[in-house]
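So the structure is just underneath, and the comments pick up after that.
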Amino acid sequence: MIDRIAILGTGLLGPSAGLALRAAGFGGTITGWNRGMEGARTALSMGALDVIATDPLQAARESQVVLLAVPIYATLDWMEQLAPVLGPEHLVTDVGSTKAQITAAAGRFFNNPERAGFLPGHPMAGKERGGAALGDANLFRGAVWLFTDDPAWQRSAESAALAADWRKWVAAMGSKTLDLDSARHDELVGWVSHLPQFVATALSALLEEEVGDAPELKDVGGRALREMTRLGASPYSMWRDIAYTNTEAVERTLLALEQRLAHVRENLKTPELRDEFEQANRFRRE
C-alpha cells in the first residue's frame, strides 16, 4: 500500500496530482522537489506537498512511488539517474505526453526483478498555461489517464503491487485508465492533442501577423476566435520536447491537414464543401 510519494517537478501536473491525491483521501506523505524553489514553495503553500526535498535522489529513495512531472527530456534524464539508486521496492511513473522513448527507456533501466518498476503514464489533462499556482485538484476528473505498460516486463512483486495500487489512486483522482501500445499512443495523441496545438499556434501567429494591431479586433473577434486560439497561449517550453520526440507523427498530421485545407480552398464554390461540413458534423455527433 502506497503511503510515501515523491513528486519531482512542480509545474502544473505535479501540484495537481498532489492536490488530487489529497482530495481522493490519500493520507500518506507527499514530498516534492523542483529545480526552481518558487514553484515548490507555491505547491507547499497550496497543500499539494507536505515537505520540500533538498536532495531529489534521497527523496526518491525514501519514497515508494516517484512521480516524474517534468518535460520529456528531463524525464529521460531522471530515469537514468534514478535507475541505479532505486530498488525493487520502488515504482517510478511519469506524465509525459509522448511515450515511445520513455517506454523504451523503461525497458532498459527498470522493470526486472532486481530493479525498480517503471509504469509509463500520460494523463490527458492540462491547461494552456503551466505553473504550480494553476494546480487543480479536479484537473484529472473525467480525463483519461493512459498507460503504455509492456506485458513482457518482469517487475518485482513489490513494484508490481505498487503499480496496481497507483492505478487505483489514478482512478480515485477521477480518471479513467486505458492501456495502449506506446507507438499507438504517440500516433493517436499526434492526431487528437498535438495537431490541435500546432494548428492553434500557427493560426494565432498568423492572426498576430495579419491583424494583431487592429484596434477593433477584440470587438470583431468573438467566440470562434477565442476557442480556436486558446491553445495559442501555450508556451514553447511546454511543447518543444513533444515536437522533438513525436516528430514523424506530427509531420504526418500536419501534412494531412495541409492537403485537407487545400481541398477546402479548391471547393469553396462546389457541392464538395457541403460534403466536408457533413463529415465534420458526423465527427462532432460521435
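Suppose we filter segment 104-116 for residues that are open to solvent by less than 10 Å² (accessible area, probe 1.4 Å) and over 22 Å from R184 (Cβ atoms); how many remain?
Total satisfying the criteria: 1.
Looking at the structure I just gave you, is E187 within 24 Å of L254 (Cα to Cα) and surrounded by fewer than 16 Cβ atoms within 10 Å (Cβ to Cβ)?
Spelling it out, it is not the case that E187 is within 24 Å of L254 (Cα to Cα) and surrounded by fewer than 16 Cβ atoms within 10 Å (Cβ to Cβ).
Can D150 be described as assigned to a loop (DSSP other than H, G, I, E, B), acidic (D, E), touching a Gly at 6+ places or on another chain (Cβ under 8 Å) and modelled with pLDDT of 95 or more? Walk me through how you get there before you give the answer.
Numbers: assigned to a loop (DSSP other than H, G, I, E, B): yes; acidic (D, E): yes; touching a Gly at 6+ places or on another chain (Cβ under 8 Å): yes; modelled with pLDDT of 95 or more: yes.
Criteria met by D150.
Identify, from the list A132, A137, the residue that is open to solvent by less than 60 Å² (accessible area, probe 1.4 Å), in contact with a helix residue (DSSP H, G or I) (Cβ under 6 Å, 6 or more places away or on another chain) and at pLDDT below 95. Please lay out each step first, then the result.
Values: A137 fails: at pLDDT below 95.
Result: A132 is the single residue among A132, A137 that is open to solvent by less than 60 Å² (accessible area, probe 1.4 Å), in contact with a helix residue (DSSP H, G or I) (Cβ under 6 Å, 6 or more places away or on another chain) and at pLDDT below 95.
Read through the list (1) open to solvent by 10 Å² or more (accessible area, probe 1.4 Å); (2) within 19 Å of L162 (Cα to Cα); (3) touching a strand residue (DSSP E or B) at 6+ places or on another chain (Cβ under 8 Å), then give the number of the only condition that D50 fails.
(2)
Among M79, M46, which is within 22 Å of the chain's Cα centre (by Cα) and touching a residue at least 40 places away in the same chain (Cβ under 8 Å)?
Criteria check complete, one pass: M46.
With the requirement that a residue be surrounded by 20 or more Cβ atoms within 10 Å (Cβ to Cβ) and over 19 Å from A105 (Cα atoms), what does segment 156-184 give you?
Of everything in segment 156-184, those that are surrounded by 20 or more Cβ atoms within 10 Å (Cβ to Cβ) and over 19 Å from A105 (Cα atoms) turn out to be L162, W166, V170, M173, S175.
Restricting attention to segment 64-86, does a residue exist that is in contact with a Gly (Cβ under 8 Å, 6 or more places away or on another chain) and of a type in the set (S, T, Y)?
Within segment 64-86, one or more residues are in contact with a Gly (Cβ under 8 Å, 6 or more places away or on another chain) and of a type in the set (S, T, Y).
Kindly list the number of the only condition in (1) without any contact (Cβ under 8 Å) to a residue 40 or more places away in the chain; (2) more than 17 Å from A249 (Cβ to Cβ); (3) among the aliphatic types (A, V, I, L, M) that fails for A172.
The single condition A172 does not satisfy is (1).
A quick yes/no check of all residues on (1) open to solvent by less than 90 Å² (accessible area, probe 1.4 Å); (2) in contact (Cβ under 8 Å) with a residue 24 or more places away in the chain; (3) within 21 Å of H185 (Cα to Cα); (4) in contact with a Lys or Arg (Cβ under 8 Å, 6 or more places away or on another chain):
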site: A214; (1), (2), (3), (4): yes, no, no, no
site: G221; (1), (2), (3), (4): yes, no, no, no
site: A233; (1), (2), (3), (4): yes, yes, no, yes
site: Y236; (1), (2), (3), (4): no, no, no, no
site: A262; (1), (2), (3), (4): yes, no, no, no
site: F283; (1), (2), (3), (4): no, no, yes, no
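List the helices (runs of 4 or more DSSP H) inside segment 197-286, counting only whole elements, that have at least 1 residues being within 30 Å of K99 (Cα to Cα) and either touching a Phe, Trp or Tyr at 6+ places or on another chain (Cβ under 9 Å) or among the charged types (D, E, K, R) (or both).
Because the criterion is at least 1 residues that are within 30 Å of K99 (Cα to Cα) and either touching a Phe, Trp or Tyr at 6+ places or on another chain (Cβ under 9 Å) or among the charged types (D, E, K, R) (or both), the helices (runs of 4 or more DSSP H) in segment 197-286 that meet it are 223-229, 236-245, 247-266, 272-285.
Tell me, which residue of segment 75-103 that is surrounded by fewer than 24 Cβ atoms within 10 Å (Cβ to Cβ) and among the acidic types (D, E) is nearest to D186 (Cα to Cα)?
Ranking the candidates gives D77 first.
Please determine, by comparing only the residues of segment 57-74 that are over 30 Å from W191 (Cβ atoms) and open to solvent by less than 20 Å² (accessible area, probe 1.4 Å), which one is nearest to the chain's Cα centre (by Cα).
Restricting to residues being over 30 Å from W191 (Cβ atoms) and open to solvent by less than 20 Å² (accessible area, probe 1.4 Å), the top hit is V66.
Test each condition in (1) β-branched (V, I, T); (2) touching a strand residue (DSSP E or B) at 6+ places or on another chain (Cβ under 6 Å); (3) open to solvent by less than 30 Å² (accessible area, probe 1.4 Å) for T29 and report the one that comes out false.
(3)
The values are calculated or read from the model by the stated rules, or taken from the named source; none is laboratory data. Just so it is clear, the structure is predicted and the values come from calculations on it, not from any experiment. Here Cβ is always computed from backbone atoms with ideal geometry, including for glycine, and neighbour counts include all displayed protein chains. These area figures cover heavy atoms from the full protein model, side chains too; ligands, DNA and RNA do not enter into them. Shrake-Rupley method; radii C 1.70, N 1.55, O 1.52, S 1.80 Å.
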